[in-house]
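The values are calculated or read from the model by the stated rules, or taken from the named source; none is laboratory data. Source: prediction; values computed, not measured. Cβ: placed from backbone, ideal geometry, glycine included. Neighbour counts: every protein chain shown. Note: areas computed on protein heavy atoms with side chains; ligands, DNA, RNA excluded. Shrake-Rupley method; radii C 1.70, N 1.55, O 1.52, S 1.80 Å.
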Amino acid sequence: MSLEICDITKSFGGFRALDGVRLTIETDALFGIIGPNGAGKSTLFSVISGFVAADAGEVRLNGNRIDALSPPQRARAGMLRTFQVPREFSHLTVRENLMASAPDQTGESLLGLFFRPGQVRTEEAAIAETVERTMAFLKLDKVADVPSGKLSGGQKKLLELGRALMVQPKLILLDEPFAGVNPVLIGEIMERIKELNARGIGFVIIEHDLEALTRLVPRLAVMDRGKVLAEGAPAAVLEDPVVREAYLGGVS
Amino acid sequence: MEAYLVAIGIIALIYVLLSLGLTLQYGLTGLINFGHVGFFAIGAYTSALLVMNGAPFIVGFAGAALLAGIAAWPIGLVSLRLRDDYFAIVTLGFSEVVRIILTSERWLTNGVQGIPGIPRLYSDLGGAAGQIATFATILAVTVAAAWMIRRIAGSPFGRIIEAIRDNEEAVQALGKDPPRFKIQVLVVGAALAGIAGAFYAHYITYIVPEQYIPLVTFYVWMAIIMGGVGRVSGAVIGSVILMAFLEGSRFIRDVVPWISEVDMASVRIGLVGLLLILFIIYRPQGLMGDYTKR
């Protein structure tokens with residue numbers, strides 16, 4: 001079971017955001033991607049999740065090409081993404097955000113809503129239970145009824161993770177989960193990620209915060225100017241002279 | 001005087017029905033529909049033509065809702081993948097196309113001369129009683145529509161359309177297809193406008209294409225902005241304010257008799273515009289509060 005990224009290339013005008021990116025990531029792994037601003041990390045996520053079409057190359061999930069699938073289809077295949085800038089449904093409460101994220105609800109169609117009210121009620125009760133567990137797990141239960149637009153940056157990041165969890169994913173692409181989050185909360189988010197990974201959910205994590213990421217993932221890739229410079233265990237990768245040159249500015 | 005109030009009440013309720021459709025489409029889902037009057041026109045002509053060709057009223061009304069809903073379907077398919085502003089332009093264009101078709105297809109619609117002599121509801125009850133029965137019927141339909149929109153807003157479906165309004169890409173990222181939801185919303189809102197059109201045709205008994213100009217769409221927009229976007233109560237109260245002003249400005253001539261009958265039409269539109277500007281300056285959230293900006 002793996003996510004294969006084969007020679008993905010993407011240009012915006014004259015700017016080559018991705019230049020032949022090639023990575024293979026096990027779907028139950030904890031995998032990190034680091035790199036300076038403009039390295040192409042978020043563009044890579046957008047290509048993998050289907051929000052941006054690549055100019056060339058292939059994306060495979062468990063051996064099947066998924067390039068032709070829409071973003072919702074890719075999510076339904078078990079691969080969820082979060083966004084660098086949290087995209088909470090700001091007028092909905094935390095609870096409503098999570099309830100809305102549950103998949104395959106009968107009450108999501110008007111016919112189901114008006115003609116199968118019993119079924120809708122049963123499902124709502126079950127979803128509400130899952131939501132309570134998810135909020136407790138992410139320590140969001142205290143803000144359950146707060147409109148999500150009013151949450152702190154860190155809580156919004158947790159909510160993004162929570163929404164992805166509601167879809168029962170196999171693999172989650174996390175875009176900078178620690179950016180702008182206070183250090184205490186970073187520790188908590190990390191614990192949650194480790195617990196979820198132990199339960200079999202894979203994570204690919206884009207991060208700026210090198211130190212945080214090296215504590216979390218056993219394997220990572222370094223990107224710069226649309227290319228993967230190196231891949232492997234954090235310690236080995238960070239010793240790589242090419243990486244030091246590009247990412248750390250050659251400081252030894 | 002009572003007859004006059006009932007008459008205004010009927011027109012106000014027709015605007016409430018139109019506003020409820022737009023509340024679902026814009027207030028809850030964020031769809032900028034600038035072509036609402038097109039569906040209103042389709043409803044008016046459909047029911048008028050059906051009933052004048054011998055169909056019972058109920059068939060006329062059902063046909064109005066159905067045809068307006070069906071007309072919304074292709075608009076949805078073509079344009080829901082467009083950005084908000086493009087969608088607004090497409091719907092505005094659609095309503096103008098409807099009006100031009102009504103003007104040109106004389107064999108069906110009698111062109112600019114319009115269709116006179118449309119049967120009234122409850123005409124066998126006679127003048128005043130018939131009016132009151134008509135008012136009661138529209139009131140019942142409007143209450144049912146308001147109940148339905150409330151029900152939708154508080155449902156799993158309602159959560160998703162509000163999520164779409166807040167962030168469409170995040171909805172996609174969760175594995176849900178926004179167009180599927182938007183098309184349903186568009187069809188239901190259009191069907192409500194169609195029913196409003198049928199009531200209108202059978203109430204004023206004479207329809208011409210010139211009644212279905214974009215200004216009507218913008219009156220409905222003004223009603224929901226003044227009442228409070230995204231709220232059923234806002235749709236109701238906004239429509240009442242709009243009607244009070246449109247009708248109330250009639251009496252201005254009693255005070256300022258030097259304005260001619262012809263000029264008065266422009267003065268009324270100017271006054272409603274002024275009212276809207278005052279609202280936007282002093283109460284931008286509308287009387288009931290803007291649900292989308294809470």
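Structural remarks
- Check on A:Q73, under 17 Å from the mean Cα position of the chain (by Cα) and modelled with pLDDT under 95: no
- Residue in the stretch B:279-294 that is among the hydrophobic types (A, V, I, L, M, F, W, C) and in contact with a Phe, Trp or Tyr (Cβ under 8 Å, 6 or more places away or on another chain) present: no
- If you filter the stretch B:131-177 down to residues that are at the interface with another protein chain (Cβ under 9 Å from one of its Cβ atoms) and among the basic types (K, R), you find that the one that is surrounded by the fewest Cβ atoms within 10 Å (Cβ to Cβ) is B:R151.
- On inspection, A:A39 fails the criterion of being over 30 Å from A:V237 (Cα atoms) and either outside any loop (DSSP other than H, G, I, E, B) or more than 14 Å from the chain's Cα centre (by Cα) (or both).
Condition check ((1) more than 25 Å from A:I8 (Cβ to Cβ); (2) open to solvent by 20 Å² or more (accessible area, probe 1.4 Å); (3) part of a strand (DSSP E or B); (4) of a type in the set (S, T, N, Q)) across all residues:
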{"residue": "A:K139", "(1), (2), (3), (4)": "yes, yes, no, no"}
{"residue": "A:K156", "(1), (2), (3), (4)": "yes, yes, no, no"}
{"residue": "A:E160", "(1), (2), (3), (4)": "no, no, no, no"}
{"residue": "A:P177", "(1), (2), (3), (4)": "no, no, no, no"}
{"residue": "A:R215", "(1), (2), (3), (4)": "yes, yes, no, no"}
{"residue": "A:V222", "(1), (2), (3), (4)": "no, no, yes, no"}
{"residue": "A:A230", "(1), (2), (3), (4)": "no, no, yes, no"}
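- Matching residues in the stretch A:13-58 - criterion: being buried (at least 16 other Cβ atoms within 10 Å of the Cβ), out of contact with any Ser or Thr (no Cβ under 8 Å at 6 or more places or on another chain) and of a type in the set (S, T, N, Q): A:S42, A:T43, A:S46, A:S49
- Options B:M264, B:M222: the member that is of a type outside the set (V, I, T), part of a helix (DSSP H, G or I), closer than 27 Å to B:A48 by Cβ and out of contact with any His (no Cβ under 6 Å at 6 or more places or on another chain): B:M222
- In the set A:L238, A:L161, A:L216, A:L210, only one residue is of a type in the set (A, V, I, L, M, F, W, C) and within 13 Å of the chain's Cα centre (by Cα); that residue is A:L161.
- Residues satisfying the stated conditions in the stretch B:169-214, i.e. touching a residue at least 40 places away in the same chain (Cβ under 8 Å) and at positive phi: B:T205
- Flag if B:Y206 is under 30 Å from B:V51 (Cα atoms), surrounded by fewer than 14 Cβ atoms within 10 Å (Cβ to Cβ) and either under 20 Å from the mean Cα position of the chain (by Cα) or at pLDDT 95 or above (or both): yes
The rows are residues; the columns are (1) under 22 Å from B:L108 (Cβ atoms); (2) among the basic types (K, R); (3) modelled with pLDDT of 95 or more.
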residue: B:T29; (1), (2), (3): no, no, no
residue: B:H36; (1), (2), (3): no, no, yes
residue: B:F39; (1), (2), (3): yes, no, yes
residue: B:I42; (1), (2), (3): yes, no, yes
residue: B:L50; (1), (2), (3): yes, no, yes
residue: B:N53; (1), (2), (3): yes, no, yes
residue: B:P56; (1), (2), (3): yes, no, yes
residue: B:V59; (1), (2), (3): yes, no, yes
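- Taking each residue of the stretch B:215-234 that is free of Cβ contacts under 8 Å to residues at least 60 places away in the same chain and looking for partners that are surrounded by fewer than 21 Cβ atoms within 10 Å (Cβ to Cβ) with beta-carbon atoms closer than 7 Å, six or more apart or interchain, yields B:M222/B:V272; B:M222/B:L276; B:S233/B:M288.
- Which numbered condition A:I189 fails, given (1) assigned to a helix (DSSP H, G or I); (2) under 25 Å from A:I48 (Cα atoms); (3) free of Cβ contacts under 8 Å to residues at least 60 places away in the same chain; (4) open to solvent by 20 Å² or more (accessible area, probe 1.4 Å): (4)
- With respect to the conditions (1) within 7 Å of chain B (Cβ to nearest Cβ); (2) over 16 Å from the mean Cα position of the chain (by Cα); (3) assigned to a helix (DSSP H, G or I), A:R95 falls short on a single one, namely (1).
- Remark: A:V52 matches the filter, which requires a residue to be part of a loop (DSSP other than H, G, I, E, B) and under 18 Å from the mean Cα position of the chain (by Cα).
- Checking A:N37 against (1) closer than 21 Å to A:R219 by Cα; (2) touching a strand residue (DSSP E or B) at 6+ places or on another chain (Cβ under 9 Å), the condition it does not meet: (2)
- Of all the residues in the stretch A:91-122, those that are of a type outside the set (G, A, S) and either open to solvent by 40 Å² or more (accessible area, probe 1.4 Å) or farther than 20 Å from B:F181 by Cα (or both) number 14.
- Yes/no for A:G180 being within 21 Å of A:L213 (Cβ to Cβ) and touching a residue at least 60 places away in the same chain (Cβ under 8 Å): no
- Of residues in the stretch A:98-118 being in a helix (DSSP H, G or I) and more than 11 Å from chain B (Cβ to nearest Cβ), the one farthest from B:V187 (Cα to Cα): A:G118
- Residue match in the stretch B:181-199 (condition: within 14 Å of chain A (Cβ to nearest Cβ), more than 20 Å from the chain's Cα centre (by Cα) and surrounded by 21 or more Cβ atoms within 10 Å (Cβ to Cβ)): yes
- The single condition among (1) closer than 25 Å to A:E123 by Cβ; (2) in contact with a strand residue (DSSP E or B) (Cβ under 8 Å, 6 or more places away or on another chain); (3) surrounded by fewer than 23 Cβ atoms within 10 Å (Cβ to Cβ) that A:Q84 does not satisfy is (1).
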